[in-house]
Protein chains: 2
Amino acid sequence: MPATTAPSEKLSLDDKLVAARTASIALAQASTSQKNAGLEAIAQAVGTAADRILPANELDLANGRESGMSQGLQDRLRLDPDRLAGLAAATREVIALPDPVGTVLRGSTLPNGLQLTQVRVPFGVVGAIYEARPNVTIDIAALALKSGNAVVLRGGSAAENTNRVLVALIQEALASVGLPADAVQTIDEFGREGATQLMQARGFVDVLIPRGSAQLIDTVVRESKVPVIETGAGVVHVFLDRTADAEMAAEIAVNSKVQRPSVCNALETLLVDTDAAERLLPPVLKALTENGVTIHGDERTRELYPEALPTSDEDWALEHMSLDLNVKVVDDLDDALDHIRRYSTHHTESIVTNDMATANRFLAEVDSAVVMVNASTRFTDGGEFGFGAEVGISTQKLHARGPMGLPELTSTKWIVRGEGQVRG
Amino acid sequence: MPATTAPSEKLSLDDKLVAARTASIALAQASTSQKNAGLEAIAQAVGTAADRILPANELDLANGRESGMSQGLQDRLRLDPDRLAGLAAATREVIALPDPVGTVLRGSTLPNGLQLTQVRVPFGVVGAIYEARPNVTIDIAALALKSGNAVVLRGGSAAENTNRVLVALIQEALASVGLPADAVQTIDEFGREGATQLMQARGFVDVLIPRGSAQLIDTVVRESKVPVIETGAGVVHVFLDRTADAEMAAEIAVNSKVQRPSVCNALETLLVDTDAAERLLPPVLKALTENGVTIHGDERTRELYPEALPTSDEDWALEHMSLDLNVKVVDDLDDALDHIRRYSTHHTESIVTNDMATANRFLAEVDSAVVMVNASTRFTDGGEFGFGAEVGISTQKLHARGPMGLPELTSTKWIVRGEGQVRG
């Protein structure tokens, strides 16, 4: 079973980083049609090489079962023919996206005749640290390639065998269309030490993207010397203003919480204006409960809805990732804004209101990547925003904020064309 | 002399960071005319309070002389009535710049009717670490205020007394127009420990901008947990292609090196194609020498120009900040690109050529913030680019690359307006 053995050439992690850097130079110059040919070759390989991928994946799953991996993690790790077809289809969707490289963002002719243009260029080498989800391997590799970047993947030792085969298939696919195979590298075989080295590789890696649990992201943000784009953790709020429509409030609360509770744009805390609590809370909490939500309420909530469990101070800062929901009655808009300022992770906040002035203040004063009026928080998503594919959702303010598409995987360069101009 | 004593209220560094954060919330909502009124009040204070500023500056200078501060550093530290007038004028120039806050960058109406807009918003709190140059205190404060940001300044203990008075004047000016005085803070009194704490203040400071020596920038980049925008160090190259015009080559080399040798966009290494070395080097190096430049040449350069001093391997990576220039004869464009890849700090590179294909390859393959054809490297400058004021020149790829104007001091926010939409 050659697919599950180590590669014959043993490369050090430094070798791999240098190889990725070298490959990135050629890849940055590749045309859109070359990159699309590479993506099509990857889609074909993933769609037709089940005989190489699934045995490696089964080995990872067996190791996982042996080491007591949870059912949820096993499910995320598992590949099957349907999922492989899905991955091939997702790769083909990236082909359809516009290539951001070469886009002219700004330009002018200066008074001295110098012609100035700012164009999008690839970062160079993107690093990704994520958990044992092989779909992310294909996903990130496809997005990086389309944006002209080489990529170094650290995907979790628990998926090491699967990722090794997937990366080998990608490398073969790239070589088959004349693109540099080294543009996609996995460093899973170096374990935790490899992740640590990747975070120190300033100068070799231009940007590092962590994807996964809040804990993983936090570790990368704290330890990395390479610039990081922080994605993910969402302590997301919906505020029901005193003028909110009860039916709309229930629909938005239920959809925000229930449609997919384990993702970062799912609702964690519902805030309700005290003036409308009696009118809004009973129907809204009834709808939530009927949809399987467990309510944790502050004192005023429990007066109106005694079935609610009590809350502790820590609950407000918690990303449940489950059907548990915090509910709090607030004095007014200012009190809601204070609560959000204290506990939000600056991901997504939504207000349900019919009052224009209140809506405008909420939009202006809530300092989050996405702020909404009368809409479900589940819309914070690259696909929903029309980006076609999503690299992640940035919760930092530098470079990219909110859902990131392909343009967010690029940097820029200023080009100056002169005829011998010198500065006076 | 109350201006040079410690403030009566002793605030801890944490207090100051919290005060800056609180002030940033109000400042983010301030209108352009309010912010301009604040800037005008600052300009007036700086222009008319010489009696408060100069004694404090004299105290810093006296301390500097006592501790053996170099003449150059003393000159950078020194304020006088002319320089104060210059600072007031520079502050008024910021008033004239367009306010980036609120600019709509992208927007669309989604198929489900959701209205999506991406708008520029202030970062929140900007941190700045720089050396003992009081003009930077006014400069950064003005740029931060105009872009709606609070700012925490760490300006070097050697300018502590001057900065304390300048910041007090700024705070009074802000308060006089109803803006939060706490929006501008100095933490010089906390010494090195203060700088260290500032670099750890993730969550309190949104972005940190180091300005000064390569060593200072390197320390901040290495130690900061707050996202950094790396500015500055420039090992800048000019490549004379075999088709270069000799006269243009000499003018561009001289201007790039001599016009202001101590700044980051000044030339450090001149590369010459071997096919044209005999034709180009004698007149170009003669022009440089006549302008006071000391030539350090590789072996092939010294064959053609025996007066050149020898070079060592370290020279190629050095930012001289002086009239010393490295000169190297390269085999061809590829050899020049290799040299640049190895030694450039990715700031600015320029080619002198009459060959279009060579120019295009150079522009495409050199991975620097600014790449030029037939122009002096001294044009890499926010003022020259038409930005009106310059926060610094970013040599990193994340968020901002090249000269940074006011828009680079902002983040963005997505605003979603709905009518009750939920995700299906």
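The values are calculated or read from the model by the stated rules, or taken from the named source; none is laboratory data. Computed from a prediction, not measured in an experiment: that's the story for all the values here. A quick note on method: Cβ atoms are made from the backbone with ideal geometry, for glycine too, and the neighbour counts reach across all protein chains shown. The area values use the complete protein model at the heavy-atom level, side chains included, leaving out ligands, DNA and RNA. Shrake-Rupley method; radii C 1.70, N 1.55, O 1.52, S 1.80 Å.
Quick look at the numbers
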quantity	calculated
When residues of region A:237-246 are limited to those that are within 12 Å of chain B (Cβ to nearest Cβ) and in contact with a helix residue (DSSP H, G or I) (Cβ under 8 Å, 6 or more places away or on another chain), the one surrounded by the most Cβ atoms within 10 Å (Cβ to Cβ)	A:Val238
Single residue of region B:369-384 satisfying the filter (buried (at least 24 other Cβ atoms within 10 Å of the Cβ) and in a loop (DSSP other than H, G, I, E, B)) that is nearest to the other protein chains (Cβ to nearest Cβ)	B:Ser376
Criterion violated by B:Thr269 - all others in (1) away from chain A (no Cβ under 14 Å); (2) of a type in the set (S, T, N, Q); (3) open to solvent by 30 Å² or more (accessible area, probe 1.4 Å) satisfied	(3)
Some residue of region B:385-405 being touching a residue at least 24 places away in the same chain (Cβ under 8 Å), within 9 Å of another protein chain (Cβ to nearest Cβ) and assigned to a helix (DSSP H, G or I)	no
Test result for B:Ala277, more than 30 Å from the chain's Cα centre (by Cα), in contact (Cβ under 8 Å) with a residue 12 or more places away in the chain, assigned to a loop (DSSP other than H, G, I, E, B) and assigned by TED's automatic domain parsing to the domain that holds B:Val366	no
Residue list for region B:290-303, filter: part of a helix (DSSP H, G or I) and open to solvent by 60 Å² or more (accessible area, probe 1.4 Å)	B:Glu290, B:Glu299, B:Arg300, B:Arg302, B:Glu303
Any hit, region B:83-98, residues being over 25 Å from the mean Cα position of the chain (by Cα), surrounded by fewer than 18 Cβ atoms within 10 Å (Cβ to Cβ) and over 27 Å from B:Val228 (Cβ atoms)	no
Hey, A:Leu281 touching a Phe, Trp or Tyr at 6+ places or on another chain (Cβ under 9 Å) and either surrounded by 22 or more Cβ atoms within 10 Å (Cβ to Cβ) or farther than 16 Å from A:Ser344 by Cβ (or both) or not	yes
Answer residue from region A:218-236, given it is in a loop (DSSP other than H, G, I, E, B) and within 12 Å of chain B (Cβ to nearest Cβ) and is nearest to A:Val258 (Cα to Cα) among those	A:Glu230
Residues located in region B:410-424, provided they are more than 7 Å from chain A (Cβ to nearest Cβ) and open to solvent by 10 Å² or more (accessible area, probe 1.4 Å)	B:Gly424
Filtered residue count, region B:53-70, keeping only those that are more than 26 Å from the chain's Cα centre (by Cα) and surrounded by fewer than 15 Cβ atoms within 10 Å (Cβ to Cβ)	5
Filtered residue count, region A:20-52, keeping only those that are more than 14 Å from every other protein chain (Cβ to nearest Cβ), of a type in the set (Val, Ile, Thr) and surrounded by fewer than 23 Cβ atoms within 10 Å (Cβ to Cβ)	2
Enumeration of residues in region A:250-274 that are of a type in the set (S, T, N, Q) and not in a strand (DSSP E or B)	A:Asn255, A:Ser256, A:Gln259, A:Ser262, A:Asn265, A:Thr274
Every pair of residues 6+ apart whose Cβ atoms lie under 7 Å, when the first sits in region B:63-75 and is assigned by TED's automatic domain parsing to the domain that holds B:Glu160 and under 15 Å from B:Ser157 (Cβ atoms) while the second is of a type in the set (Phe, Trp, Tyr) and open to solvent by 60 Å² or more (accessible area, probe 1.4 Å)	none
Residue in region A:90-116 that is farthest from the other protein chains (Cβ to nearest Cβ), counting only those that are of a type in the set (Val, Ile, Thr) and under 25 Å from A:Ala150 (Cβ atoms)	A:Thr91
A:Leu73 being assigned to a helix (DSSP H, G or I), in contact with an Asp or Glu (Cβ under 9 Å, 6 or more places away or on another chain) and open to solvent by 60 Å² or more (accessible area, probe 1.4 Å)	yes
Residue tally, condition open to solvent by 20 Å² or more (accessible area, probe 1.4 Å) and either within 14 Å of chain B (Cβ to nearest Cβ) or not in a helix (DSSP H, G or I) (or both), over region A:334-361	14
Qualifying residue in region A:307-317 (condition: within 20 Å of A:Gly212 (Cα to Cα) and open to solvent by 10 Å² or more (accessible area, probe 1.4 Å))	yes
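One line per residue, one yes/no per condition, for (1) among the hydroxyl-bearing types (Ser, Thr, Tyr); (2) out of contact with any Asp or Glu (no Cβ under 8 Å at 6 or more places or on another chain):
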{"site": "A:Leu337", "(1), (2)": "no, no"}
{"site": "A:Ile340", "(1), (2)": "no, no"}
{"site": "A:Thr348", "(1), (2)": "yes, yes"}
{"site": "A:Val352", "(1), (2)": "no, no"}
{"site": "A:Asp355", "(1), (2)": "no, no"}
{"site": "A:Leu363", "(1), (2)": "no, yes"}
{"site": "A:Val366", "(1), (2)": "no, no"}
{"site": "A:Val391", "(1), (2)": "no, no"}
